[in-house]
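The values are calculated or read from the model by the stated rules, or taken from the named source; none is laboratory data. Keep in mind the model is a prediction, meaning the values are calculated, not measured. Every residue, glycine among them, receives a Cβ derived from its backbone with ideal geometry; neighbour counts consider all protein chains shown. Side chains are part of the model used for accessible areas, which takes the heavy atoms of the whole protein and leaves out ligands, DNA and RNA. Shrake-Rupley method; radii C 1.70, N 1.55, O 1.52, S 1.80 Å.
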Amino acid sequence: MMASASFSSPLCTWLVAACMSVTCAKENWTGTHTFHSSPLGDRLNRWARRRRAFLSKYNSGSSAVAATCSQFLSKGLSSSFSGSSLQGLMTCLAFEPCSHYYSSDGLFGSRNLNLNRRRLNRPPHSGEVMAVAVQPEKEVATKKKPVMKQRRVVVTGMGVVTPLGHDPDVFYNNLLEGVSGISQIEAFDCSQFPTRIAGEIKSFSTDGWVAPKLSKRMDKFMLYMLTAGKKALADGGITEDIMDELDKAKCGVLIGSAMGGMKVFNDAIEALRISYKKMNPFCVPFATTNMGSAMLAMDLGWMGPNYSISTACATSNFCILNAANHIIRGEANIMLCGGSDATIIPIGLGGFVACRALSQRNDDPTKASRPWDMNRDGFVMGEGAGVLLLEELEHAKKRGANIYAEFLGGSFTCDAYHMTEPHPDGIGISLCIEKALAQAGVSKEDVNYINAHATSTPAGDLKEYEALMRCFGQNPELRVNSTKSMIGHLLGAAGAVEAIAAIQAIRTGWIHPNTNLEKPDEGVETKVLVGPKKERLEVKVALSNSFGFGGHNSSILFAPYK
């Protein structure tokens, strides 16, 4: 039995079954057995013969094994079949595996697995039997998956459509100067509404970016998205020659929208009051949030990942992080990602007024959006789009792309608390930030700039500020600002536009001011908040937050490319 120490215990269980088969065959299924001449009996006999052949193969190499097995067959199992075959079969199965089975890795490959070793009732005449297994001649080599170096993601292009300009540099320079893009709404008569102001885009043209035929039929959110997307491509140096060389199956589009084509859908309802024949035949596809990404991919011929995400005001961050993950996993080399929304129409304005979420400071629009200020009374609606061109680092270097920043990572959480209000403890926000830092491998001390979500709502601003202080309050270099103080809240586009502001801060070394912060709310320390003028800052790591109705929290991180 000395050889038993080296036996491979998974064969122990097999040998019990093999010996059972041999014993069953030895009886030749005689007497009143019901399987005497059945096909099942024939199969069992063949099985038993194969097992006997296997055992005889090892008889010459291990006399101890042969002797033990012979004893096992003749004394242990043969007696267990007294009575009916079914009873004998059940009795045979009652034998317990040997101690080597329990002391080894066992069938499940783990020595630490806590098995229930309840002993089964043995037949009174069975005696003590040990099943012995034979060491296989060759070990099966386990092939390990090779360790892959994680692919890095960089930003190589940016495109914007905003109330402060449709070029990333124009947009950011206006932010640095504290220019406000909030004014009286001019697109429709809103004199009957308690809110009559917004971050409205006054002048916008799709010439050279979108086909005229589509421009007449598409919703604005799609026009903003396609224009910003193509501008990001142009900004990233994706010329026609480079486009021809790209692997289209590794190029994707992931641009979302919080509200989708509200105007197209609203116009269809109005047309339906007359007749369905008056409805826009494109009203259904052009109202859905995914169609902007789809139309842009069709225009470019990009066949990689293509869809949209809609998580209210956190939409853009969700799209950016998921797009980056497609690149990290090797499913794409290039991704256009971000968000777009155009809800400054009667139904959009009326809906948010009904929610009691909007500021009513109509007499002084530029002072209406006031994050962290004591006199804030709600957010200001905005519209537009922001699109980033994300690219795998080596792919970008190979084509000589200009790298603006590196995407480090991010995270999502859910408050699971209320449709529109943040969790009272801000626990969802804190957890989201901490998970983002862990996922990106960034320490709290490295984050010295935060572009906050801060929409100018009474509860939201304070809860985010408290969460930021819990996470970063010990960092003396920390600076925090809110882009919404000048352009309002662009809903699903907010995260992408603010990510572009964070990237511009990394590029230029300047961070934009917080406007209208005249009397900070109680508990808000202004030492971390940027003042009314732009400030010089060498950004180490920038954090951009976006939170949405439904309790959706998102945080993403950027850093200078090194």
Residue list for region 216-238, filter: modelled with pLDDT of 95 or more and either open to solvent by 50 Å² or more (accessible area, probe 1.4 Å) or among the β-branched types (Val, Ile, Thr) (or both) | Lys220, Thr227, Ala234, Asp235, Ile238
Considering only region 431-486, how many residues are among the aromatic types (Phe, Trp, Tyr) and more than 30 Å from Ala198 (Cβ to Cβ)?
-> 1
Counting only residues that are in a strand (DSSP E or B) and among the basic types (Lys, Arg), region 510-557 contains a total of 1
Test Gly351 against the criterion of being surrounded by fewer than 17 Cβ atoms within 10 Å (Cβ to Cβ), of a type outside the set (S, T, N, Q) and touching a Lys or Arg at 6+ places or on another chain (Cβ under 8 Å), and give yes or no.
-> no
Which one of Lys484, Lys435 is open to solvent by 10 Å² or more (accessible area, probe 1.4 Å), at pLDDT 95 or above and either more than 22 Å from the chain's Cα centre (by Cα) or not aliphatic (A, V, I, L, M) (or both)?
-> Lys435
Residues of region 431-475 being hydroxyl-bearing (Ser, Thr, Tyr), more than 17 Å from His552 (Cα to Cα) and touching a Lys or Arg at 6+ places or on another chain (Cβ under 7 Å), which ones?
-> Tyr449, Ser456
Taking region 466-502 and the residues there that are of a type in the set (Ser, Thr, Tyr) and in contact with a strand residue (DSSP E or B) (Cβ under 8 Å, 6 or more places away or on another chain), the one that is farthest from Ile450 (Cα to Cα) would be Thr483
Go through (1) in a helix (DSSP H, G or I); (2) over 29 Å from Asp415 (Cα atoms); (3) without any contact (Cβ under 8 Å) to a residue 24 or more places away in the chain; (4) of a type outside the set (D, E, K, R) one by one and return the number of the condition Asn325 breaks.
-> (2)
Out of curiosity, is Thr366 open to solvent by 20 Å² or more (accessible area, probe 1.4 Å), under 30 Å from Leu529 (Cβ atoms) and hydroxyl-bearing (Ser, Thr, Tyr)?
-> yes
Subset of region 189-215 [surrounded by fewer than 11 Cβ atoms within 10 Å (Cβ to Cβ) and either touching a residue at least 24 places away in the same chain (Cβ under 8 Å) or of a type outside the set (S, T, N, Q) (or both)] = Asp189, Lys202, Asp207, Gly208, Pro212, Lys213
Taking region 175-214 only, how many residues are farther than 16 Å from Gly382 by Cα, in a helix (DSSP H, G or I) and modelled with pLDDT of 95 or more?
-> 1
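Conditions (1) farther than 30 Å from Ile242 by Cα; (2) out of contact with any Lys or Arg (no Cβ under 7 Å at 6 or more places or on another chain); (3) surrounded by 22 or more Cβ atoms within 10 Å (Cβ to Cβ); (4) among the polar types (S, T, N, Q), marked per residue:
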residue	(1), (2), (3), (4)
Arg356	yes, yes, no, no
Arg370	yes, no, yes, no
Asn375	yes, no, no, yes
Lys398	no, yes, no, no
Phe412	yes, yes, no, no
His418	yes, yes, no, no
Asp425	yes, yes, no, no
So is Glu406 in contact with a strand residue (DSSP E or B) (Cβ under 7 Å, 6 or more places away or on another chain) and on the phi < 0 side of the Ramachandran plot or not?
-> yes
Mind checking which residues of region 271-299 are outside any loop (DSSP other than H, G, I, E, B) and open to solvent by 30 Å² or more (accessible area, probe 1.4 Å)?
-> Leu272, Tyr276, Lys277, Lys278, Pro285, Met291, Met295, Met298, Asp299
Every residue from region 513-529 that is aliphatic (A, V, I, L, M), open to solvent by less than 20 Å² (accessible area, probe 1.4 Å) and over 23 Å from Ala436 (Cα atoms) = Val524
State which residue pairs qualify: first residue under 18 Å from Ile403 (Cβ atoms) and β-branched (Val, Ile, Thr) and inside region 230-251, second residue open to solvent by 50 Å² or more (accessible area, probe 1.4 Å) and modelled with pLDDT of 95 or more in any location, beta carbons under 9 Å apart, and separation of 6 or more residues or different chains.
-> Ile238/Arg399; Ile242/Arg399
So which of Glu383, Glu394, Glu406 is modelled with pLDDT of 95 or more, open to solvent by 50 Å² or more (accessible area, probe 1.4 Å) and within 26 Å of the chain's Cα centre (by Cα)?
-> Glu394
Taking region 438-454 and keeping residues open to solvent by 10 Å² or more (accessible area, probe 1.4 Å) and either touching a His at 6+ places or on another chain (Cβ under 6 Å) or within 29 Å of Trp510 (Cβ to Cβ) (or both) leaves Gln439, Ala440, Gly441, Val442, Ser443, Lys444, Glu445, Asp446, His453
Among Ala228, Ala268, Ala232, which is within 21 Å of Arg399 (Cβ to Cβ) and part of a helix (DSSP H, G or I)?
-> Ala232
